[in-house]
């Protein structure tokens, strides 16, 4: 992908995000929780500064890890789950498909799921509390 295509893709993503934010914060179609928690403009301002990735090492990490853009955040989340909770003796291990229509290299198609496309995770969950033990 050349620089112009990258800029066009980023512009398209920004336009979609802006439309989605307007809907989420709208009085008619929006979600009260978002409106009551943080003003939309403040949320947009925070999004400008939040990064879950180290740009300088991104291309190298993407060669080995398709999930590299958020793997550090995911790994820390899983470590916190492990250290913060002592599971019962019954643990369920199963696949979970988080539905999305985004185009990422790690999107999976699963014909038997209600939402056919998404990010597939293997999760270990405590059977009694439904708390994530490992992912």
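The values are calculated or read from the model by the stated rules, or taken from the named source; none is laboratory data. Keep in mind it's a predicted model, so treat the numbers as computed, not measured. Backbone-built Cβ (ideal geometry, glycine too); neighbour counts: all protein chains shown.
Would you mind stating whether residue 98 is in contact with a strand residue (DSSP E or B) (Cβ under 9 Å, 6 or more places away or on another chain), within 26 Å of residue 20 (Cα to Cα), in a strand (DSSP E or B) and in contact (Cβ under 8 Å) with a residue 24 or more places away in the chain?
no
Please pick out the residue among 132, 62 that is modelled with pLDDT under 85, touching a strand residue (DSSP E or B) at 6+ places or on another chain (Cβ under 8 Å) and surrounded by 13 or more Cβ atoms within 10 Å (Cβ to Cβ).
Exactly one of 132, 62 is modelled with pLDDT under 85, touching a strand residue (DSSP E or B) at 6+ places or on another chain (Cβ under 8 Å) and surrounded by 13 or more Cβ atoms within 10 Å (Cβ to Cβ), namely 132.
Go through the range 110-129 and report how many residues are in a loop (DSSP other than H, G, I, E, B) and either surrounded by 11 or more Cβ atoms within 10 Å (Cβ to Cβ) or in contact with a helix residue (DSSP H, G or I) (Cβ under 6 Å, 6 or more places away or on another chain) (or both). Quick ask: steps written out before the conclusion?
We begin by selecting, within the range 110-129, every residue in a loop (DSSP other than H, G, I, E, B); these are 110-116, 127-129.
Subset that is either surrounded by 11 or more Cβ atoms within 10 Å (Cβ to Cβ) or in contact with a helix residue (DSSP H, G or I) (Cβ under 6 Å, 6 or more places away or on another chain) (or both): 110, 113, 115-116, 127-129.
Final tally of qualifying residues: 7.
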